Amino acid sequence: MKRIDNDPGGASGAVTVRGLVKHYGATKALDGVDLDVREGTVMGVLGPNGAGKTTLVRILSTLLAPTSGRATVAGYDVVRRPRQLRRVIGLTGQYASVDEKLSGRENLYLIGRLLDLPRKEARGRADALLERFSLTEAARRPAATYSGGMRRRLDLAASMIGRPAVLFLDEPTTGLDPRTRNEVWDEVKRLVKDGVTVLLTTQYMEEAEQLAGELTVVDRGKVIASGGIEQLKARVGGRTLRIRPADPRRLRPLASALDELGITGLAGTSVDPESGAVLVPVLSDEQLTAVVGAVTAHGITLSSVTTELPSLDEVFLSLTGHRAGAPRDTAPAETPEEAVAV
């Protein structure tokens, strides 16, 4: 799906943000955010609760006016051309927003008609999405009778009925069971293959690794890191060398020998009895070479040597000082006059 370039002077990316600021009184929910999302990719936005992720999504989806700065989505300026923009984006927020009195099929058909789809096409899209999200059997039941997972799937289907060029997913799988979460992930991957651009906020590191090609980490309204997953892991620094002796009885002697090496800057070793390996944190290629050389010099036969980068959760903790999901002070909810009129 090609970007719709209808905003003179707009940037070439699917989403471009420059110096975006949002104030709630003295609180800065966003404090000069810059962001670029390439077409047909998934950008994962990570950060503690209250970091500004949802505020960013609300501004990019025209639900909230920025205090200052500029953002374009699919070629449209979010402030100057919100009505045109809404026709080419989809949004799934943190909570299901379907009409509980309507059936699943009626919800999707209604949204299709509001997006000016012809009646036949709206019905066809509704039926196709109901089948895709395993909701066909419940299609005629009121949404009020749906389970939490079913409502979430219906909400996701609603955001996709207009075939959006850019899809905003704000913590889309919160509260879903593993099977339903995997179904959502599969659908997002299919959309990206079709050329849809996705901006995803999530508290699940596994979700970020499954879906996102690039990550942006936000904390206290500022972007504190961005790049590919492996790039961010490398930025945090350090690798773990996992050394497994061929003879399990040499496990602890191996650890002791490594501790006695005296290699400058080498952190302490640890033993993982379950996997039968010694774990050695190394910060440089020189340290890695010295460790392997020392093992060889001691005449210890090895069955395997592997290197591991930090986990994404460790990266998040290193960058923000918090585990994913740890709270920050949240900004107050926007008042009606601050929201952009739909």
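The values are calculated or read from the model by the stated rules, or taken from the named source; none is laboratory data. The model shown is predicted, which means the values in this text are computed figures rather than measured ones. Here Cβ is always computed from backbone atoms with ideal geometry, including for glycine, and neighbour counts include all displayed protein chains. Quick note on the areas: whole protein, heavy atoms, side chains included, nothing else; ligands and nucleic acids left out. Shrake-Rupley method; radii C 1.70, N 1.55, O 1.52, S 1.80 Å.
A few remarks follow.
- Computed from the C-beta positions of Thr136 and Glu230 and an R0 of 41 Å, the FRET efficiency is 0.55 to the nearest 0.05.
- Efficiency of FRET from Cβ geometry, Leu114 and Asn49, R₀ 22 Å, rounded to 0.05: 0.10
- Å² per residue, accessible surface of the range 25-124 at 1.4 Å: 46 Å²
- Straightening the chain between Arg70 and Leu102 buys 7.8 nm, computed as 0.36 nm per residue apart minus the Cα-Cα spacing.
- Relative contact order for the range 175-229, counting Cα pairs under 8 Å that sit 6 or more residues apart, in percent: 23 percent
- Note on the chain: Lys pairs 8 or more places apart or on different chains, Cα atoms under 24 Å apart, count 12.
- Near the amide H of Val98, within less than 5 Å, lie no amide hydrogens of residues on another chain or at least 5 residues away, with H placed in the peptide plane.
- Whole-percent carbon and sulfur share, accessible surface of the range 100-199, 1.4 Å: 50 percent
- Computed over the chain: relative contact order in percent, which uses C-alpha pairs under 8 Å that are six or more apart: 22 percent
- Long-range amide H partners of Tyr24 with built H, under 5 Å: Ala29
- For Thr41, the residues 5 or more places off, or on other chains, whose built amide H falls under 5 Å of its own are Val198.
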